[in-house]
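The values are calculated or read from the model by the stated rules, or taken from the named source; none is laboratory data. Small disclaimer: the values here were computed from a predicted structure and weren't measured. Backbone-built Cβ (ideal geometry, glycine too); neighbour counts: all protein chains shown.
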Amino acid sequence: MHIPFAKELSVTELEGAIEDNIEKYVNGDFFDYFSDKDKTLDSGFEIRLEKSIGNEIGNYDFKKKENEIDKYWSLKVFKGIKGIIPSIGKDNRLWTYLTHTHFADYCRKRHAITSVEKATVKVIKQRFFCQGISRGIERDNAVSRLWWNGYLASKVQGMQLERALELLLYNTDIRQQIVERPFLSTNSTLLSAVIHVLDESEKNDGALLERDTFRKKLARLNLYAGSNMLEAHELRELINLVKGI
């Protein structure tokens, strides 16, 4: 099905009326709100959603481990929403529409917004809206973060998408360290090298998967990348660099 954008005025209106709509965030959706065509706009892009996703949300077991949930739904969103490119993926109007309609049930089940007491304004703003272009979209919004997981994993060279996602989402800190470092997200070969080194570590002693160890390695890599041109290097060269740094 074709997916429109919420108008910017609609996003502002919804955000300003969170407290009045708490019950909807806990038990309903906003299809009725967006049935008014003045609340949406056509982006000019052909963005389509697989119809089966809605049924899968209703049948999915959200009691699994968080990284398992995120891997499964990152694949579903990345593959199931067609027509998104990175510039569109940065647009809060798309994600606000989706969280309030087709993914409203996913948002509350994944992030435990299951009662009026848990549906605080802060949590709803974080998961249903996009608070800031970078952190809000790539880290916090319940649906956009899934697409960005899939997009980053799809850039990893020489590895299946599912395995790259598994490593990216191995724990919260690994994902955060990668997503919040532009020198990785903008250099797909260097990103690939980091994921391949994580893969090797996971298959051996797992030392690099430890929070402090991974943080320190990326900090050293960040410092090195700031004074060296790495864009022209081949994958094997960068894998050796990441290992040794």
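Quick notes on this structure:
- Matching helices (runs of 4 or more DSSP H) fully within the range 25-131 where at least 3 residues are surrounded by 12 or more Cβ atoms within 10 Å (Cβ to Cβ): 52-59, 66-80, 92-100, 104-110, 121-128
- None of 181, 175, 145 is over 22 Å from residue 237 (Cβ atoms) and touching a Leu at 6+ places or on another chain (Cβ under 9 Å) except 175.
- You will find that of 214, 183, the residue that is of a type in the set (Phe, Trp, Tyr), within 27 Å of residue 145 (Cβ to Cβ) and at pLDDT 90 or above is 214 and no other.
- In the condition set (1) surrounded by 18 or more Cβ atoms within 10 Å (Cβ to Cβ); (2) within 13 Å of the chain's Cα centre (by Cα), residue 135 is compliant with all but (1).
- Residues in the range 77-105 that are under 16 Å from residue 51 (Cα atoms) and either among the polar types (S, T, N, Q) or in contact with a Gly (Cβ under 9 Å, 6 or more places away or on another chain) (or both): 77, 78, 79, 99, 101, 102, 103, 104, 105.
- Filtered residues of the range 4-19 (kept if in contact (Cβ under 8 Å) with a residue 60 or more places away in the chain, over 13 Å from residue 31 (Cβ atoms) and part of a loop (DSSP other than H, G, I, E, B)): 7, 18
- The residues listed here are 193, 153; of these, the one that is among the hydrophobic types (A, V, I, L, M, F, W, C), within 20 Å of the chain's Cα centre (by Cα) and assigned to a helix (DSSP H, G or I) is 153.
- Residue in the range 213-222 that is of a type in the set (A, V, I, L, M, F, W, C), part of a loop (DSSP other than H, G, I, E, B), farther than 30 Å from residue 57 by Cβ and free of Cβ contacts under 8 Å to residues at least 40 places away in the same chain present: no
- Within the range 47-63, residues that are in contact (Cβ under 8 Å) with a residue 12 or more places away in the chain and under 17 Å from residue 107 (Cα atoms) have Cβ atoms under 7 Å from residues that are in a helix (DSSP H, G or I) and aromatic (Phe, Trp, Tyr) in these pairs: 57/106, counting only partners at least 6 apart in sequence or on another chain.
- Residues located in the range 1-27, provided they are in contact with a helix residue (DSSP H, G or I) (Cβ under 7 Å, 6 or more places away or on another chain) and farther than 24 Å from residue 84 by Cβ: 18, 19, 25, 26
- Single match in 64, 76, 71, 90 (criterion: charged (D, E, K, R) and more than 24 Å from residue 198 (Cα to Cα)): 90
- Within the range 10-21, tally of residues that are over 24 Å from the mean Cα position of the chain (by Cα) and of a type outside the set (S, T, N, Q): 5
- Members of the range 222-239 found to be surrounded by 14 or more Cβ atoms within 10 Å (Cβ to Cβ) and modelled with pLDDT of 95 or more, listed by number: 235, 238, 239
- Unique match (being in contact with a Cys (Cβ under 7 Å, 6 or more places away or on another chain) and in contact (Cβ under 8 Å) with a residue 60 or more places away in the chain) among 114, 101, 96: 96
- Qualifying residues in the range 223-245 (those that are of a type in the set (Gly, Ala, Ser) and without any contact (Cβ under 8 Å) to a residue 40 or more places away in the chain) - the one farthest from residue 174 (Cα to Cα): 232
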